[in-house]
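Reviewing the structure listed below.
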Amino acid sequence: MLQISAIRNQKEAFIKALAKRNLDATEMIEAALALDEKRRATQTELDAIKAESNSLSREIGGLFKSNQQQKANVLKEKTSQLKEASKTLDQVLNDTIEDLSTLLYKIPNVPNALVPVGTSETDNEEVYREGEIPILGAHAVPHWELAKKYDIIDFELGNKITGAGFPVYKGKGARLQRALISYFLDKNTAAGYTEYQLPLLVNEASGFGTGQLPDKEGQMYFVGEDNLYLIPTAEVPATNIYRDSLLNESDLPIKLTGYTPCFRREAGSYGAHVRGLNRLHQFDKVEILRIEHPDKSYDALNEMVEHVKGILQELKLPYRILRLCGGDLGFTSALTYDFEVYSTAQERWLEISSVSNFETFQANRLKLRYKNSEGKNELAHTLNGSSLALPRVLAGILENYQTENGIDIPEVLIPYTGFKSI
RNA sequence: GGAGAAAUGGCAGAGCGGUCGAAUGCGGCAGUCUUGAAAACUGUUGAGGGUCACACCUCCGGGGGUUCGAAUCCCUCUUUCUCCGCCA
């Protein structure tokens with residue numbers, strides 16, 4: 001969520017920047033500022049009443065000690081009146097704070113200057129492309145057919161056990177998946193990211209901290225019995241490690257990585273483009289996350305992009321990088337780069353990573369701060385990205401590496417799989 | 001799952017219902033001393049709101065209550081510890 005103090009200082013700049021999201025925020029911003037004004041006025045008034053009441057209480061204490069009950073009783077009545085007044089004001093204050101928060105939750109992050117103008121994914125700006133798109137023979141088929149042909153992923157079995165979107169990986173398919181996870185984690189730890197194993201269920205406060213709640217709860221599976229949510233991404237438990245914390249400047253940057261399964265309800269998205277591994281309810285992902293000094297977060301973002309590039313180069317997959325336009329940019333992000341791998345048999349690009357800088361947007365909600373060199377507390381910047389999402393990388397490998405007689409394994413993975421082909 | 005105990009500042013640990021945002025120790029920071037360091041001594045050291053700056057307000061696990069006044073009393077939730085049971 002945006003900081004009201006920042007909005008106060010540069011209202012026009014916020015409205016102008018948000019316009020890039022094709023959003024006229026004027027009304028919301030004005031309403032927020034009005035509520036902020038009201039909040040502070042109410043707070044001041046309430047403080048004054050409390051101050052008076054406090055000092056009277058102290059006086060009463062003194063009077064009791066010196067056995068002046070009568071005088072004390074007179075003052076008691078006065079404080080009772082003050083109490084009534086403060087109760088009303090307290091209610092007003094709480095309502096105002098709540099209204100303000102509700103409103104602020106609805107305002108998306110301010111896009112970075114680099115974010116291109118646009119309304120949909122077709123307006124995203126391709127900033128980089130690398131890798132040869134292989135020319136496949138007539139034998140080439142999409143990955144779901146390969147999965148069946150070589151008996152490495154069983155979609156029907158998943159239907160039986162759970163339902164659509166929960167595939168079963170077997171034999172070399174399972175091993176290849178595990179190889180990818182290990183390979184990604186090794187690359188990440190080699191780049192200085194500390195490996196974490198995180199809870200797959202989170203409480204309400206965590207869901208709230210990273211912004212899945214209150215608005216997007218429909219995306220998550222919910223365990224009502226214990227009031228817990230299955231994580232839609234490792235970002236949720238990983239970022240919440242640092243909820244409500246005050247770091248030293250020297251602690252920064254914090255770099256961590258974690259592998260987790262991810263669970264997404266994906267309600268309402270069915271059709272041909274969700275076939276096979278393209279869109280699942282449960283999938284594996286390795287995530288990288290950074291907490292940075294505000295001055296360094298964009299360097300960090302570029303570093304993360306370079307890191308993911310390095311992995312795709314090693315896997316020798318054709319990919320491109322998009323800078324998301326205002327219309328496609330996620331609610332909490334200031335700047336996002338999407339990585340897409342080319343699925344040769346499907347003849348389309350598949351998103352396999354999304355690397356974003358959230359600046360202070362998440363940190364503000366999380367109360368994630370650090371003490372700067374002047375001893376003042378400031379919000380840190382948070383960033384995260386996938387490195388990488390497994391199913392679509394797997395789809396890319398299966399399709400791009402298929403031959404007439406089987407599927408080759410990318411060279412860097414062979415030490416992890418223990419076999420050279422499927 | 002059952003029974004009991006506890007939750008206080010970076011950590012440890014006091015705290016009678018009334019100048020308690022909180023003793024004391026350790027740690028951190030600054031200074032004195034020292035060629036330098038250590039030791040010793042002195043000072044300083046939580047967060048949020050608010051203000052030009054003060055004042056002032058809030059916070060002793062979370063929420064609610066009693067009271068003129070709550071870290072202190074009551075209710076409730078959460079977490080931790082001990083014992084019993086169950087269990088990969």
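Residue by residue, here is whether (1) under 24 Å from residue A:415 (Cβ atoms); (2) open to solvent by less than 40 Å² (accessible area, probe 1.4 Å) holds:
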{"site": "A:145", "(1), (2)": "no, no"}
{"site": "A:150", "(1), (2)": "yes, no"}
{"site": "A:162", "(1), (2)": "no, no"}
{"site": "A:170", "(1), (2)": "yes, no"}
{"site": "A:178", "(1), (2)": "yes, no"}
{"site": "A:183", "(1), (2)": "yes, yes"}
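Results for (1) modelled with pLDDT of 95 or more; (2) of a type in the set (A, V, I, L, M); (3) closer than 21 Å to residue A:215 by Cα; (4) surrounded by fewer than 20 Cβ atoms within 10 Å (Cβ to Cβ), shown as yes or no for each residue.
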residue: A:309; (1), (2), (3), (4): yes, no, no, yes
residue: A:337; (1), (2), (3), (4): yes, no, no, no
residue: A:350; (1), (2), (3), (4): no, yes, no, no
residue: A:355; (1), (2), (3), (4): yes, yes, no, no
residue: A:361; (1), (2), (3), (4): no, no, yes, no
residue: A:373; (1), (2), (3), (4): no, no, no, yes
residue: A:377; (1), (2), (3), (4): no, no, no, yes
residue: A:381; (1), (2), (3), (4): no, no, no, no
residue: A:387; (1), (2), (3), (4): no, no, no, no
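Please specify each residue of region A:15-43 satisfying the condition of being under 22 Å from residue A:123 (Cα atoms) and open to solvent by less than 50 Å² (accessible area, probe 1.4 Å). Steps first, answer last, please.
Here is the first cut: in region A:15-43, the ones under 22 Å from residue A:123 (Cα atoms) are A:15-25.
Result: A:15, A:17, A:18, A:20, A:21, A:23, A:25.
Among the residues of region A:291-307, is there at least one that is in a loop (DSSP other than H, G, I, E, B), of a type outside the set (Lys, Arg) and over 30 Å from residue A:1 (Cβ atoms)?
Here is the first cut: in region A:291-307, the ones in a loop (DSSP other than H, G, I, E, B) are A:293.
Restricting the remaining residues to those that are of a type outside the set (Lys, Arg) gives A:293.
Keeping just the survivors that are over 30 Å from residue A:1 (Cβ atoms) gives none.
No: zero hits.
Considering A:101, A:53, which residue is assigned to a helix (DSSP H, G or I), in the same structural domain as residue A:16 (by TED's automatic domain parsing) and closer than 30 Å to residue A:22 by Cβ? It would help to see each step written out before you state the result.
On the way: A:53 fails: closer than 30 Å to residue A:22 by Cβ.
That would be A:101, the only listed residue that is assigned to a helix (DSSP H, G or I), in the same structural domain as residue A:16 (by TED's automatic domain parsing) and closer than 30 Å to residue A:22 by Cβ.
Determine whether residue A:51 is loosely packed, with under 12 Cβ neighbours inside 10 Å, of a type in the set (A, V, I, L, M, F, W, C) and either under 15 Å from residue A:106 (Cβ atoms) or free of Cβ contacts under 8 Å to residues at least 12 places away in the same chain (or both). Write out each step before concluding.
Working: loosely packed, with under 12 Cβ neighbours inside 10 Å: yes; of a type in the set (A, V, I, L, M, F, W, C): yes; either under 15 Å from residue A:106 (Cβ atoms) or free of Cβ contacts under 8 Å to residues at least 12 places away in the same chain (or both): yes.
For residue A:51, the condition - loosely packed, with under 12 Cβ neighbours inside 10 Å, of a type in the set (A, V, I, L, M, F, W, C) and either under 15 Å from residue A:106 (Cβ atoms) or free of Cβ contacts under 8 Å to residues at least 12 places away in the same chain (or both) - is met.
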(request) Six or more apart or on different chains, Cβ under 7 Å: which pairs go from a residue in region A:318-340 that's small (Gly, Ala, Ser) to one that's surrounded by fewer than 21 Cβ atoms within 10 Å (Cβ to Cβ) and not in a loop (DSSP other than H, G, I, E, B)? Could you list them? (result) A:326/A:20; A:327/A:123
(message) Looking at residue A:7 and the list (1) open to solvent by less than 40 Å² (accessible area, probe 1.4 Å); (2) farther than 23 Å from residue A:365 by Cα, which single condition is not satisfied?
(response) (2)
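Take residue A:35 and tell me if it is in contact with a Leu (Cβ under 8 Å, 6 or more places away or on another chain) and more than 10 Å from RNA strand B (Cβ to nearest atom). Lay out the reasoning, then the answer.
Working: in contact with a Leu (Cβ under 8 Å, 6 or more places away or on another chain): yes; more than 10 Å from RNA strand B (Cβ to nearest atom): yes.
Against the criterion (in contact with a Leu (Cβ under 8 Å, 6 or more places away or on another chain) and more than 10 Å from RNA strand B (Cβ to nearest atom)), residue A:35 qualifies.
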(request) Under 9 Å between Cβ atoms, at least 6 apart or on separate chains: pull out the pairs that start in region A:370-396 with a residue that is of a type in the set (Phe, Trp, Tyr) and end on any residue that is open to solvent by less than 10 Å² (accessible area, probe 1.4 Å) and in a strand (DSSP E or B). (result) A:370/A:291
(message) I need the full set of residues from region A:82-96 which are open to solvent by less than 70 Å² (accessible area, probe 1.4 Å) and within 11 Å of RNA strand B (Cβ to nearest atom), in order please.
(response) A:82, A:86, A:89, A:90, A:93
(request) Collect the residues in region A:378-422 that are over 23 Å from the mean Cα position of the chain (by Cα) and either of a type in the set (Val, Ile, Thr) or closer than 25 Å to residue A:293 by Cα (or both), keeping them in residue-number order. (result) A:397, A:403, A:407, A:409, A:412, A:414, A:417, A:422
(request) Scan region A:43-68 for residues that are polar (S, T, N, Q) and either in contact with a strand residue (DSSP E or B) (Cβ under 9 Å, 6 or more places away or on another chain) or more than 10 Å from RNA strand B (Cβ to nearest atom) (or both) and report the count. (result) 3
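Can you find a residue that is touching a Pro at 6+ places or on another chain (Cβ under 8 Å) and of a type in the set (Gly, Ala, Ser) anywhere in region A:294-301? Steps first, answer last, please.
Looking only at region A:294-301, we keep the residues that are touching a Pro at 6+ places or on another chain (Cβ under 8 Å), and these are A:296, A:300.
The next check asks that each one be of a type in the set (Gly, Ala, Ser); those that pass are A:300.
Yes; the residues of region A:294-301 include at least one that is touching a Pro at 6+ places or on another chain (Cβ under 8 Å) and of a type in the set (Gly, Ala, Ser).
Is it true that some residue in region A:281-298 is of a type in the set (Lys, Arg), surrounded by 17 or more Cβ atoms within 10 Å (Cβ to Cβ) and in the same structural domain as residue A:257 (by TED's automatic domain parsing)?
yes
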(request) Output the number of the condition that residue A:367 fails; it satisfies all remaining conditions of (1) in contact (Cβ under 8 Å) with a residue 24 or more places away in the chain; (2) open to solvent by less than 50 Å² (accessible area, probe 1.4 Å). (result) (2)
(request) Identify the single condition in (1) of a type in the set (Gly, Ala, Ser); (2) more than 21 Å from the chain's Cα centre (by Cα); (3) open to solvent by less than 70 Å² (accessible area, probe 1.4 Å) that residue A:250 does not satisfy, given that it satisfies every other one. (result) (3)
(request) Kindly state which helices (runs of 4 or more DSSP H) lie completely within region A:121-217 and contain at least 2 residues that are modelled with pLDDT under 90 and under 29 Å from the mean Cα position of the chain (by Cα). (result) A:204-209
(message) Looking only at region A:107-124, count every residue that is in contact with a Lys or Arg (Cβ under 7 Å, 6 or more places away or on another chain) and either within 26 Å of residue A:3 (Cα to Cα) or surrounded by fewer than 15 Cβ atoms within 10 Å (Cβ to Cβ) (or both) and tell me the total.
(response) 6
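The values are calculated or read from the model by the stated rules, or taken from the named source; none is laboratory data. As the structure is a computational prediction, the values presented were derived from the model and not from experiment. Cβ sites come from the backbone with ideal geometry, for glycine too, and all protein chains shown count toward neighbours. With ligands, DNA and RNA removed, areas are computed over all heavy atoms of the protein, side chains included. Shrake-Rupley method; radii C 1.70, N 1.55, O 1.52, S 1.80 Å.
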